[in-house]
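The values are calculated or read from the model by the stated rules, or taken from the named source; none is laboratory data. Nothing here was measured: the structure is a model prediction, and the numbers come from that model. Cβ coordinates were reconstructed from backbone atoms using ideal geometry, including for glycine residues, and neighbour counts include every protein chain displayed.
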Amino acid sequence: MNAPEANSGGAPKQQFELSIGCVPFRLQMADVELFRAASSRYAAFAEAAAQPIHITLNEFSKSESRPAEFGYEFEGAELRASSQETRFDGVRNEYALDSLLRVLLSWKLVGRHGFLLHAATVVRDGKAYVFTGRSGAGKSTVASLSPEGTVLTDEISLLRFENGEWRAYGTPFWGEFRAAGSNTSAPVRGLFRIVQAAENRLTTLRPVVMLRALLPNVLFFSPEFEANRRLLDILGHAVDSIPGYELAFRKNAAFWEVLPE
Amino acid sequence: MNAASVLWQKNPALAWREIDETTVIISPSDSVMHELNDTGSFLWKNIDGYKCAADLAALLAEKYEVAPDIALTDTQSLLEEMSSRKLLVPVPAMVGESR
């Protein structure tokens, strides 16, 4: 899986395969240090799968003129994706790689009826409780107050509709836990907009209100109309079919008592 | 061309769908979400690039059983608001066309 690959010229390339939310990627690069960092960072998500999305890193020479269907720049690093290839250029460290991978994944998920959400996800009794909110709302607090081994992620959750149900997946994208999320998934029990308060209280939210709460926390970077139209359809389906709540909570584990089973 | 004869169309740059009996419109460029109430949703569904305020007001009057003059005032007010939020754009007049 993580083997050097024969190369027609230049430095030998190495490749690393991973899967996030059942979206498979193959990263190929010649930079040994970057390869080591990526292998370590995504170790929990290492997985070979059929037909991975092939990403070449820092190969500036080929097909410069080929038009990209999707492009994104982040601090000098650039993502260019077309139906033929995906390239990350100017990637100097694992942080830039991580950022471009998030952006690419958010775009690819639109074609797979899914999306990335700033949210902590905790599994209880086999069901995923997805807690969303802006930075500082309490995602990491919720995760830290949950039993060990139940947190899929404290920062970025991946939600996908598959086989007739919404499932939440852990991702390798770090929050304050400073550790990768869990490479597992569970059917979604509910979406919870979190608000820190003096007492624990649960309020049901109408779908349109839940959508309003989700939108600022959805990771999406394409300005393209069709991609946004499809994303809105996906989000609309999610809030129509997943129960939505506002969870006002104190900073202790007693908030679990007000959550639905 | 006077204001009442302007034909309106949905801003083609916006994504929209009905959720929870509310029309939700999103501007991809800034992720701003707009919600339309019942009357606004009704107008939105009927805005197709071929209707002016008077046409839409006639539909509104029939749907909600209100007097034509009240329907026209409400329609013009809503169209103005939607236009100011860039949800609607006027249909460009053809060269040489008078409305």
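See the values below:
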| item | result |
| --- | --- |
| Every residue from the range A:188-204 that is under 24 Å from the mean Cα position of the chain (by Cα) and either buried (at least 21 other Cβ atoms within 10 Å of the Cβ) or of a type in the set (A, V, I, L, M, F, W, C) (or both) | A:Val188, A:Arg189, A:Leu191, A:Phe192, A:Arg193, A:Ile194, A:Val195 |
| Tally, over the range A:112-127, of residues that are within 15 Å of A:Phe161 (Cα to Cα) and under 15 Å from the mean Cα position of the chain (by Cα) | 6 |
| Positions within the range B:17-34 being crowded, with 16+ Cβ neighbours inside 10 Å, closer than 18 Å to A:Pro216 by Cβ and more than 7 Å from chain A (Cβ to nearest Cβ), in sequence order | B:Ile25, B:Ser27, B:His34 |
| Within the range A:206-247, considering residues that are part of a strand (DSSP E or B) and at pLDDT 95 or above, the one nearest to the other protein chains (Cβ to nearest Cβ) | A:Gly244 |
| From the options A:Asn228, A:Asn217, residue that is free of Cβ contacts under 8 Å to residues at least 40 places away in the same chain, surrounded by 19 or more Cβ atoms within 10 Å (Cβ to Cβ) and polar (S, T, N, Q) | A:Asn228 |
| Which numbered condition A:Arg201 fails, given (1) within 14 Å of another protein chain (Cβ to nearest Cβ); (2) in contact with a Leu (Cβ under 9 Å, 6 or more places away or on another chain); (3) among the charged types (D, E, K, R) | (1) |
| Residue list for the range A:104-129, filter: β-branched (Val, Ile, Thr) and more than 18 Å from A:Asn228 (Cα to Cα) | A:Thr121, A:Val122, A:Val123 |
| Filter result for A:Leu116 (part of a strand (DSSP E or B) and touching a Lys or Arg at 6+ places or on another chain (Cβ under 8 Å)) | yes |
| Qualifying positions in the range B:5-16 - surrounded by fewer than 14 Cβ atoms within 10 Å (Cβ to Cβ) and more than 10 Å from every other protein chain (Cβ to nearest Cβ) | B:Ser5 |
| Output for the range B:54-99, where each listed residue is at pLDDT below 95, among the β-branched types (Val, Ile, Thr) and closer than 27 Å to B:Ser27 by Cα | B:Val89, B:Val91 |
| Residue tally, condition touching a helix residue (DSSP H, G or I) at 6+ places or on another chain (Cβ under 6 Å), buried (at least 18 other Cβ atoms within 10 Å of the Cβ) and not small (Gly, Ala, Ser), over the range B:43-78 | 7 |
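For (1) crowded, with 19+ Cβ neighbours inside 10 Å; (2) modelled with pLDDT under 90; (3) under 22 Å from A:Ala77 (Cα atoms), each residue gets a yes or a no:
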{"site": "A:Gln14", "(1), (2), (3)": "yes, no, yes"}
{"site": "A:Ile20", "(1), (2), (3)": "yes, no, yes"}
{"site": "A:Phe25", "(1), (2), (3)": "yes, no, yes"}
{"site": "A:Val32", "(1), (2), (3)": "no, no, yes"}
{"site": "A:Phe35", "(1), (2), (3)": "yes, no, yes"}
{"site": "A:Ala48", "(1), (2), (3)": "no, yes, no"}
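Every residue, every condition in (1) of a type outside the set (Lys, Arg); (2) closer than 30 Å to A:Phe255 by Cα; (3) at pLDDT below 90; (4) surrounded by 15 or more Cβ atoms within 10 Å (Cβ to Cβ), yes or no:
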site: A:Met29; (1), (2), (3), (4): yes, no, no, yes
site: A:Ser63; (1), (2), (3), (4): yes, no, yes, no
site: A:Leu97; (1), (2), (3), (4): yes, no, no, yes
site: A:Ser106; (1), (2), (3), (4): yes, no, no, yes
site: A:Val122; (1), (2), (3), (4): yes, yes, no, yes
site: A:Tyr129; (1), (2), (3), (4): yes, yes, no, yes
site: A:Gly136; (1), (2), (3), (4): yes, yes, yes, no
